[in-house]
Amino acid sequence: MYGVVTRNEEELSWEEFDRGFYEVKDVTGRAAEPVADAVNMISCFGDNAAEDQDGLVPVDDEGNRATRERPYFDWSYVCPTHDRYREGLLGIIEDAAAVNEDVRLDDVGFPREEYCHCERCEERFADSDHEEWSTWREHVITEFVAAARERVPGRLYLTLYPDPYPGHLSARSGIDVEALEAYVDEFVVPIYDMAYTTTYWLEILASGFRDRLSTPFSVELYAVDVDVDDLIHAAEVAEEYGEDVFFGYDASNARATVRRMQADARQGETFTPE
């Protein structure tokens with residue numbers, strides 16, 4: 001199956017796509033109404049609109065804020081222990097699930113391994129039963145996903161950072177994959193490249209997730225300005241390992257890619273007289 005990730009509602013009905021993911025809340029902070037004919041997708045703790053609000057942005061032990069102005073940050077983050085923001089997210093998730101029972105959670109986790117050391121996080125870790133800061137972070141994220149699961153009657157998708165090496169997702173974001181598998185129906189792994197002129201690394205990452213996960217996962221490819229032939233090759237590699245292949249943020253290019261693959265498949269068919 002092939003799917004599309006889009007911010008444009010009209011693209012969800014294109015017949016080439018078996019599944020659509022519609023961004024209800026993205027990392028810019030832009031919000032849209034959920035739709036009935038797609039899996040509504042919510043950026044949870046990535047939110048540029050929150051960067052100027054006190055108490056929302058995570059800080060490291062030196063006080064550096066996790067905003068898009070810092071090196072290696074593509075967007076700004078929100079601390080996962082901020083109660084008011086967390087409750088607002090759960091409300092968005094619940095509203096989305098009321099329109100379509102399937103929901104996808106994106107940008108779940110702490111921003112990087114050195115976060116968060118805000119006063120609230122320090123106090124909650126000190127008051128917890130966890131001896132290790134890393135296991136406390138995992139508990140925070142697992143607890144959030146469990147709360148989201150209670151509000152999603154259908155299929156719950158969750159995006160994973162594309163690093164299958166054991167321990168890395170925990171160290172980076174507080175993601176305990178094994179714990180989350182109890183709540184998640186399908187993981188989505190975005191393996192993005194600007195060209196896909198070589199794909200051996202895509203195969204390495206996808207095969208790593210195949211070995212790592214018990215829960216089904218699909219691969220999401222970047223479709224913006226990628227040559228169709230190269231995108232086809234990437235899709236052929238991805239579908240050998242994942243359940244499905246999704247194309248991100250250029251539905252027109254994705255549609256051309258799917259059409260070409262479907263045409264090539266038809267040309268390979270052999271028909272004999274009955």
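The values are calculated or read from the model by the stated rules, or taken from the named source; none is laboratory data. This one's a predicted model, so the numbers in the text were calculated from it and none came from an experiment. Cβ coordinates were reconstructed from backbone atoms using ideal geometry, including for glycine residues, and neighbour counts include every protein chain displayed.
So here's what we get for this one:
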{"read-out": "Single condition V5 does not satisfy, out of (1) assigned to a loop (DSSP other than H, G, I, E, B); (2) at pLDDT 95 or above", "value": "(1)"}
{"read-out": "Matching entry among Y192, Y200, Y183, Y157 (being over 14 Å from the mean Cα position of the chain (by Cα) and closer than 28 Å to S252 by Cα)", "value": "Y200"}
{"read-out": "Hits in the stretch 219-234 - residues which are within 18 Å of D163 (Cβ to Cβ) and without any contact (Cβ under 8 Å) to a residue 40 or more places away in the chain", "value": "V219, L221, Y222"}
{"read-out": "Single condition E131 does not satisfy, out of (1) in a loop (DSSP other than H, G, I, E, B); (2) loosely packed, with under 14 Cβ neighbours inside 10 Å; (3) within 24 Å of the chain's Cα centre (by Cα)", "value": "(3)"}
{"read-out": "Yes/no for D230 being over 17 Å from E16 (Cβ atoms), at pLDDT 95 or above and over 22 Å from the mean Cα position of the chain (by Cα)", "value": "yes"}
{"read-out": "Single unsatisfied condition, T81 versus (1) surrounded by fewer than 17 Cβ atoms within 10 Å (Cβ to Cβ); (2) more than 30 Å from E243 (Cβ to Cβ)", "value": "(1)"}
{"read-out": "Qualifying positions in the stretch 74-110 - part of a loop (DSSP other than H, G, I, E, B) and over 27 Å from S128 (Cβ atoms)", "value": "D74, W75, N100, E101, D102"}
{"read-out": "Verdict on G109 being at pLDDT 95 or above and more than 22 Å from R137 (Cβ to Cβ)", "value": "no"}
{"read-out": "Matching entry among A98, A32, A38, A66 (being farther than 30 Å from R124 by Cα and either crowded, with 19+ Cβ neighbours inside 10 Å or touching a Cys at 6+ places or on another chain (Cβ under 8 Å) (or both))", "value": "A38"}
